[in-house]
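Read the structure below first, then the notes.
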Amino acid sequence: MRLDSALLPKEIYFYRISEYKRKAQSVNERVKKAVEAATDTKVLVIGDKNLGKTPEVFKESFPGKTAMIVLPDKITYDIAGKEVEEAFKNSDVKLAPTYMFDVPGFHAEYKYVEELEPLFKDNDIIPVAIGGGTINDICKLVAAHVNKPYMCVVTAASVDGYTAFGASIIENGAKKTFSCPAPRVVFTDLSVIAGAPKSMTAAGYCDLAAKIPAGADWILADIVGNEAMHDVAWHIVQDGLGDALGDPEGIRDGKISALDKLVEGLMLGGFAIQAMNSTRAASGAEHMISHIFNMRDILFNGRPISHGFQVALGTLATTALYEEAFKFDISNLDVDACVSAWLSLDELKEKIRNRLAGTNFVQRALDESEAKYICKEDLRKELQNLKDNWPEIKAKLQRQLLPLAELKRRFEVVGAPVRPSQVGVSKALMRQIIEEAQLIRRRYNILDFLVRTCLFEKALDGIFGEGGIWKND
């Protein structure tokens, strides 16, 4: 779903309200271009101690409209909601009564969308969501249902989904992604974000780090002809990624300049998604691994594992798989043997039905696997291309990736899990999750590369066996 163009401002606004100055002014220009490339978000504010500016930004973005602050709980109200509410009350912007859910175990569930939606129908009230990804997703879907733009005030750098289209909502017990526009305005106060639980910031760091192996997956997909590069989206995500991830100690310590770069990087991921109307620029196999965590409803201490921590394990797994792939001499790949071992589509479907029996995502795996299935003749051409050009391909992938040991070190610094057992997942279950992730998305990635080269099991043995990253987990 896309908003009617008549509802969007004619001019793109870009703000940076901050108490410190940046040396690299070119970064501002890079982010401005990213905002311009976005289809939904027209205003990005990244600042420090700037919540009092929210009415000013609202008024310029939604002239003549009434604001309604929507909060998940009293904690969020105390952290940011009260100051924003007071700022609106002291401005000339009309403000409807604040809406707070404040229910135990609050999650992004469809019933809360239904609860909130009537408040915004047939009136001029614009949602101002204050909080993390959950409240943003709920307001995102509500705004789409009533065909309105909305504003998001971010309180934690925990995900890249703030500026992405689509909302992850639980409906009938299953998490689904609903198509809907991203917020028109995203407003962040770095001091608020610095005060968020460290685990949430660590999760955001990992979600941003996932763009590294996701980029490698896209390089592979482009090479085999599965999905061509989108130049604008690629550079929005990848340019500056190293800088954004380069100070994990600063992230851990709540350093404002480090958080600024992290927030910027997370927002850019969403802008890239908007620019190409696809999540390819921001996610790869590591996110498919995260999807299996959700689809299998894997919990830790009775609660869902955060998206960022799921992705942390996925990012480590896919990076490790790349390093295993580099150990194999693809230049001498036995193409005939790989083609001979390639299952027919009917054989593959039977394998999927047996493998996923009893789960609720058998049909999805069947549909997605069929969508990316290729015949033996096309497989031969693909593998021969990889074989003939492997030294150049390998070098390009290695330039894209961060070494596994360094990635693991950084995750440990920010406080993210680096072993499945840290989130209650056994080694056997983690291997199963990775294997199943290869089946649920038509998007080509390192998992497909290893399956088609008949190296998947060997690579997994490398991760979980002697000398592997998770040998002792």
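The values are calculated or read from the model by the stated rules, or taken from the named source; none is laboratory data. Being a predicted model, the structure only gives us computed values, none of them experimental. Note: ideal-geometry Cβ built from the backbone for every residue, glycine included; neighbour counts use all protein chains shown. Note: accessible area is taken over every heavy atom of the protein model, side chains too, but ligands, DNA and RNA are not part of it. Shrake-Rupley method; radii C 1.70, N 1.55, O 1.52, S 1.80 Å.
Where does the charge balance sit around residue 183 when Lys and Arg score +1, Asp and Glu -1, over other residues with C-beta under 13 Å from its C-beta?
Cβ neighbours under 13 Å give a net charge of +2.
I need the shape label for region 315-409. Rule: rounded when a/c is under 1.5, else prolate if a/b > b/c, else oblate, with a, b, c from the alpha carbon gyration tensor.
Note, shape of region 315-409 comes out oblate.
With the radius of gyration and the Kirkwood radius both derived from the Cα set of region 183-334, what is their ratio Rg to Rh?
For region 183-334, the value is 1.00.
Pulled fully out, how much extra length does the chain show between residue 232 and residue 458, if you take 0.36 nm times their separation in residues and subtract their Cα-Cα distance?
77.7 nm
What is the helix-to-structure angle for 285-295, meaning the angle in degrees between its Cα long axis and the longest Cα principal axis of the chain, kept from 0 to 90 and rounded to the nearest 10?
Value to nearest ten degrees: 70.
Mind checking which of 116, 163, 126 is farthest towards the positive end of region 98-170's charge dipole, using Cβ charges of +1 (Lys, Arg) and -1 (Asp, Glu) about the Cα centre?
The residue sitting most towards the positive pole is 163.
Sort largest first and round to whole Å: the equivalent ellipsoid semi-axes of region 155-229, each the square root of five times a Cα gyration tensor eigenvalue.
27, 19, 13
How much area per residue is accessible in region 314-473 when the probe is 1.4 Å and only protein heavy atoms are counted (Å²)?
45 Å²
Can you give the Rg/Rh ratio of the chain, where Rg is from the C-alpha atoms and Rh is the Kirkwood radius?
That ratio equals 0.98.
Using all alpha carbons of region 280-356, what is the percent of pairwise distances in each 10 Å bin, ordered from the shortest bin to the longest?
Calculated over all Cα pairs of region 280-356, the distribution is 15, 28, 37, 17, 3 percent.
Using a ≥ b ≥ c from the Cα gyration tensor of region 80-128 (square roots of the eigenvalues), is it rounded, prolate or oblate, where a/c under 1.5 gives rounded and otherwise the larger of a/b and b/c decides, a/b for prolate?
Judged from the Cα gyration tensor, region 80-128 comes out oblate (a/c at least 1.5, b/c at or above a/b).
With the full set of protein chains in place, find how many percent of the accessible area of region 408-473 is carbon and sulfur; take the probe as 1.4 Å.
With neighbouring chains kept in place, the figure for region 408-473 is 45 percent.
With a cap of 13 neighbouring Cβ atoms within 10 Å, and only residues DSSP puts in a loop, list the trypsin sites (Lys or Arg not before Pro) found in region 101-178.
Passing both the DSSP loop test and the Cβ count: 121.
So, in nm, how far is label residue 74 from label residue 176 when the simple model puts each one 7 Å beyond its Cα toward the Cβ?
Placing both labels 7 Å along Cα→Cβ, they lie 3.5 nm apart.
For region 189-249 and region 33-83, write down the distance between their C-alpha centroids in whole Å.
For region 189-249 versus region 33-83, the Cα centre distance is 23 Å.
Toward the positive end of the charge dipole of the chain, about the Cα centre and with charges on Cβ (Lys, Arg +1; Asp, Glu -1), which of 275, 98, 228 goes farthest?
Farthest towards the positive pole: 98.
Could you give me D for region 118-261, from Stokes-Einstein at 20 °C and 1.002 mPa s, where the hydrodynamic radius is the Kirkwood radius over C-alpha pairs? Units µm² s⁻¹, please.
Answer, rounded: 127 µm²/s.
Treating the angle as unsigned and between 0 and 90°, give the value, to the nearest 10°, between the Cα long axis of helix 404-414 and the longest Cα principal axis of the chain.
Computed tilt is about 30 degrees.
Expressed as an acute angle from 0 to 90° and rounded to the nearest 10, what is the orientation of the C-alpha long axis of helix 211-224 relative to the principal long axis of the chain?
Tilt of helix 211-224: around 50 degrees.
Give me the extension gain from residue 426 to residue 471: residue separation times 0.36 nm, minus the current Cα-Cα distance, reported in nm with one decimal.
Full-extension gain reported as 15.1 nm.
Measuring with a 1.4 Å probe in the full set of protein chains, what accessible area per residue, in whole Å², belongs to region 177-235?
Value for region 177-235: 28 Å² per residue.
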